[in-house]
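Below you'll find the structure, written out as structure tokens, and then a few comments.
The values are calculated or read from the model by the stated rules, or taken from the named source; none is laboratory data. Computed from a predicted model, the values in this text were never measured in an experiment. Cβ coordinates were reconstructed from backbone atoms using ideal geometry, including for glycine residues, and neighbour counts include every protein chain displayed. Surface areas here come from the heavy atoms of the whole protein model, side chains and all, with no ligands, DNA or RNA. Shrake-Rupley method; radii C 1.70, N 1.55, O 1.52, S 1.80 Å.
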Amino acid sequence: MTKVRFAPSPTGRIHIGNARTAFFNWLFAKKRLGEFVLRFDDTDLERSKEEYAQAIEVDLAWLGIRPDLVVRQSQRFALYDAAAQKLKAAGRLYPCYETADELDRRRKRQIARGQPPVYDRAALNLTPDERAQLEASGRRPHWRFKLEDRTMHWDDLVRGASHIESGSLSDPVLIREDETYLYTLPSVVDDIDLGITHVIRGEDHVTNTAVQIQLFETLAGAGHAPVFGHHNLLTAASGEGLSKRSGALSIGGLRDAGIEPLAVAALAVLTGSSDSVHPVASLDELGAVFDLSHVSRNAARFDEAELAALSARTLHALSFEDMRERLAHFDIAGAKAEPFWLAVRGNLSQLREVLDWWRVVEGEITCVIEDADYCAQALALLPDEVFDEKSWSRWTQAIKEKTGRKGKALFHPLRLALTGRDQGPELAALLPLIGRATAMARLSALSA
Ligand code: GLU
């Protein structure tokens, strides 16, 4: 069974770039009837916060992503300790004592000599005595994973056949001097333990993949690495990368700004792919278009202005069934709710504007009487019927014949009187919702 994971560190709110990774995983899993694991990479106990973890779950739920399983790395240290022991026993995890300064100087020397700045494995040559002396002098080791010098190949779901020479990489530090774990080892241990079949993540992790495949092989046996896919990263229109600090682009910020979740989904998934960005009516519809092999290798530029327009277009196409519950939250329910939604949706840029239009059909508004005599004439011609979608044309036809008015002079004063606004949804659809009694009151009360 397909099993994927989305693995944010709860050190801030997620943004639309993180949502891209989340959706790629979610849609991939759902298409294959697989499972989606939400894994909080919270081994950094200082920076990780429970409130962020909770906010991330809320943000994902708002986007329509409900994990099949949620795990926290902070509760799984025993597994990482066991894996570290296994690596030590296999001679693949070795202690190093260099300080950051020493490493930095060494790197600069290598660069000056035109050599690649790769860790020289000096620590592997330390004798037990030298190690003991270093420890006696107060140095504590950090631990590096000894890479095998091989070409690591994988067939990337996005980038196709890929390879990295692991000899060109420094042996990565897995455990810091203070015995805390960096991201690499816990990630692989969890992927093995949870049976993750596909790792889909940003292309900033491509180099990690060479290291991680070797870790998978050492810990779980050859051939046990999952399938990898590395997607391009979403950048701001300026080309700048998105960060957790750019609050406006956080999922919570977009929600507060009235952006539709399906618009966030469509933009997050379709930007930077061979599919054009277009509104979708459901995540299933998005899933049907989505294909990792359509994702481009160039940066995916995201345009916030495009998002607002896409959000409005998304709203315009949503059916009443899609909206019934959300409208009920605004107390928009009952027999009028469906025709109301169909009448106003095309005029909305944000859902919250339904409240203004609901007031126009159900509540009190301040009407604007531009021409009292004309309104009185129109009132006298109001059809004597239960209004339907034809009533408006019958009525305005009669007014036209009687007054000789046409175009804006005919319609505009009526719109102002009936809705209090000079533009909005088709009056043919609004008039039956406003009803005869209210229409009369609006045309007469103020014109009297
Ligand atoms: N916590 C890592 C990140 O957010 C996860 C990377 C991965 O998917 O392996 O970048």
Q: Above 20 angstrom, tally the Cα pairs of the stretch 218-324 and express them as a % of all pairs, no decimals.
A: 48
Q: Grab the beta carbon distance between Glu217 and Glu102, set R0 = 30 Å, and tell me the FRET efficiency rounded to 0.05.
A: 0.45
Q: Rounding to the nearest 20 debye, state how big the charge dipole of the chain is about its Cα centre with +1 on each Lys and Arg Cβ and -1 on each Asp and Glu Cβ.
A: 560
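Among Lys86/Lys108; Lys49/Lys86; Lys336/Lys390, which pairs are too far apart, with a Cα-Cα distance over 27 Å? Spell out each step's value before the answer.
On the way: Lys86/Lys108 34 Å; Lys49/Lys86 30 Å; Lys336/Lys390 17 Å.
Violating the 27 Å limit, Cα to Cα: Lys86/Lys108; Lys49/Lys86.
Considering only protein heavy atoms, with the full assembly of protein chains and a 1.4 angstrom probe, order His205, His230, His224, His329 by accessible area, largest first.
Values: His205 50, His230 0, His224 110, His329 155 Å².
Largest accessible area first, the list is His329, His224, His205, His230.
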Q. Given a 1.4 Å probe and the protein chains all in place, what does the accessible area of Ile164 round to, in Å² to the nearest 10?
A. 30
Q. Most mobile of Lys400, Lys86, Lys146 per a Gaussian network model of the chain (Cα springs, under 10 Å)?
A. Lys400
Q | Long-range amide H partners of Asp42 with built H, under 5 Å | A | Gln73, Ser74
**Q.** All Cα pairs of the stretch 82-151, percent lying beyond 19 Å
**A.** 44
Q | Exposure rank, largest accessible area first [Cys375, Cys367; 1.4 Å] | A | Cys367, Cys375
Q: Determine the share of the chain's accessible area contributed by carbon and sulfur atoms, expressed in whole percent, with a 1.4 angstrom probe.
A: 49
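Could you rank Lys408, Lys336 by how accessible they are, 1.4 Å probe, largest area first? Before the final figure, lay out each step's value.
Values: Lys408 150, Lys336 60 Å².
If we order Lys408, Lys336 from most to least accessible, we get Lys408, Lys336.
Return the FRET efficiency for the residue pair Arg421, Asp44: r is the Cβ-Cβ distance, R0 is 60 Å, and the value is rounded to the nearest 0.05.
On the way: r = 53 Å, r/R0 = 0.88.
It comes to 0.70.
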Q: Treating the Cα atoms of the stretch 50-114 as identical point scatterers in vacuum, please give the log10 of the normalised Debye intensity I(q)/I(0) at q = 0.13, 0.18, 0.28, 0.30 Å⁻¹, two decimals.
A: -0.75, -0.82, -1.13, -1.16
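What do you get when you divide the Cα radius of gyration of the stretch 277-367 by 2.2 N^0.38 Å, with N the number of residues? Provide the component values of the computation, followed by the final result.
Details: Rg = 16.6 Å, N = 91, 2.2 N^0.38 = 12.2 Å.
Expressed relative to 2.2 N^0.38 Å, the Cα Rg reads 1.36.
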Q | Overall dimensions of the chain as given by Cα atoms, namely Rg and Dmax in Å | A | 31.1, 109
Q: Two decimals is fine: what's Rg over Rh for the stretch 171-273, C-alpha atoms, Kirkwood radius as Rh?
A: 1.06
Q: In a Gaussian network model over the chain where Cα atoms closer than 10 Å are linked, find which of Trp26, Trp357, Trp392 has the largest mean-square fluctuation.
A: Trp392
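Helix-only mean residue ellipticity at 222 nm, the chain, DSSP H runs n ≥ 4 weighted -39,500 (n - 2.57), per residue, nearest 500. What is it? Working shown, then result.
Details: 19 runs with 205 residues, N = 448.
Result for the chain, helices only: -14000 deg cm²/dmol.
If you take every DSSP beta bridge whose two residues both sit in the chain, what share of them, in percent to the nearest 5, is antiparallel? Walk me through the intermediate numbers first.
Working: 16 of 32 bridges.
Looking only at bridges with both residues in the chain, the antiparallel portion is about 50 percent.
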**Q.** Cβ-derived FRET efficiency at R0 51 Å, Leu355 paired with Thr207, nearest 0.05
**A.** 0.50
